[in-house]
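The values are calculated or read from the model by the stated rules, or taken from the named source; none is laboratory data. Predicted model only: the values in this text are computed from it and were never measured. Cβ coordinates were reconstructed from backbone atoms using ideal geometry, including for glycine residues, and neighbour counts include every protein chain displayed. Surface areas here come from the heavy atoms of the whole protein model, side chains and all, with no ligands, DNA or RNA. Shrake-Rupley method; radii C 1.70, N 1.55, O 1.52, S 1.80 Å.
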Amino acid sequence: MSVLEKVRPERTVTVRREPRLTDQHGRRVRVGELVWRYLLLLAVLALTVGPFLWQLSTSLKGPTEDIYSSPPSFLPAHPTLHNYARVADTIPVWDYALNSLKVATANVVTNCVGSALAGYALARLRFRGRRVTTLVFVLAMLVPVEGIVIAQFTTMRELGLNNTLIGVVLPGAIGAMNVLLMRNAFRSLPYEIEEAAYVDGATVWQRFLRIALPSVKGTVAVVAIFAFMGAWDDFLWPLIVLSDPSKFTLTIGLNYLHGTFANDERLVAAGTVIAVAPLIALFACLQRYFFRGVGEGAVKG
């Protein structure tokens, strides 16, 4: 055997491995299980987004199209925006939308500011009755709105705020759930950062504004979305406290699209799309902060 044959390297045979499907933790996922997951997601998507898409399709159908046909036709044959113009001709929809925007904006400001202050106090400040106060906020979430609506109406009447937009905003100015969300978000922050700021001479307001609050922007976005949606979609309380048609919110005004002797579903569908569009736009703008905020304060106690 020659020297060249002795030093010649042996050939290595590489075996190609099929790529494995793994989850975020690196665990192997079976193909059948993955298929069931996607089927479940598609079913949930159909149940949640399907009704809105059907309303959108109905709002774009003309008067000659049958919306009760069997089998139903999802896509309109001749799409038109005439139904949206009819909504503006039937009711002052833009005035109602402006009233709803005023109420929702005020609700967002009061909830973000008030919930952040209350949540920081419950999470970081030490005072007597802190645990009892937290328990009170938890119990407040268990009380149904219908059980206190009469007391709220009596209070607004005694304050002279009946038939005003301030009376619509005031009962929902600070939500108990939003306070707890902010409390849990502040509790998840490490104490060492604020302790270092305290050693450097930072006051409570400086620690709150410069350290704690910028660290929970995601939760603030969650509170803002919840507050805006709650005020924009509220129907019962504005219906009780308001009596002047010029101060009606959008949810009350859309009720006038239902006629006593006739009912045009195309008109109702167009009004529904107008009411839902701002919520979709808000969530599209804040979705990045929303998903980050859910992890910040929703599950930590």
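Observations on the model:
- Neighbourhood net charge (14 Å Cβ-Cβ; Lys/Arg +1, Asp/Glu -1) for Ile274: -1
- Rg/Rh for the chain, where both radii come from Cα atoms and Rh is the Kirkwood radius: 1.17
- The local environment of Arg207, defined by Cβ-Cβ distances under 12 Å, has a net charge of -1 under the rule Lys, Arg +1 and Asp, Glu -1.
- Charge dipole magnitude, Cβ of K and R +1, D and E -1 - the chain, Cα centre, debye nearest 20: 1620 debye
- For the chain, with +1 on Lys and Arg beta carbons and -1 on Asp and Glu, the positive-most of Gly114, Gly32, Ala97 along the dipole: Gly32
- Ranked packing of 168-181, 215-228, most packed first, by mean Cβ within 10 Å: 215-228, 168-181
- Average projected area [Cα convex hull, the range 31-79], square nanometres: 4.4 nm²
- Unit Cα scatterers, Debye sum, the range 147-301: log10 I(q)/I(0) for q = 0.08, 0.21 Å⁻¹: -0.37, -1.23
- Put simply, the range 106-147 fits an ellipsoid with semi-axes of 20, 18, 5 Å; these come from the alpha carbon gyration tensor as the roots of five times its eigenvalues, largest first.
- Net charge, Ala227 excluded, C-beta distance under 12 Å - Lys, Arg +1, Asp, Glu -1: -2
- Accessible surface, per residue, of the chain when the full set of protein chains is kept, probe 1.4 Å, Å²: 66 Å²
- Calculated P(r) tail over 23 Å for the range 45-153, as whole % of Cα pairs: 62 percent
- When the convex hull of its Cα atoms is projected in every direction, mean area for the range 169-221 (nm²): 4.2 nm²
- Carbon-plus-sulfur accessible fraction, the chain (probe radius 1.4 Å, protein heavy atoms only): 64%.
- For the range 58-79, the residues whose backbone nitrogen is under 18 Å from a point 7 Å from the Cα of Ala46, taken along Cα to Cβ, are 71-75.
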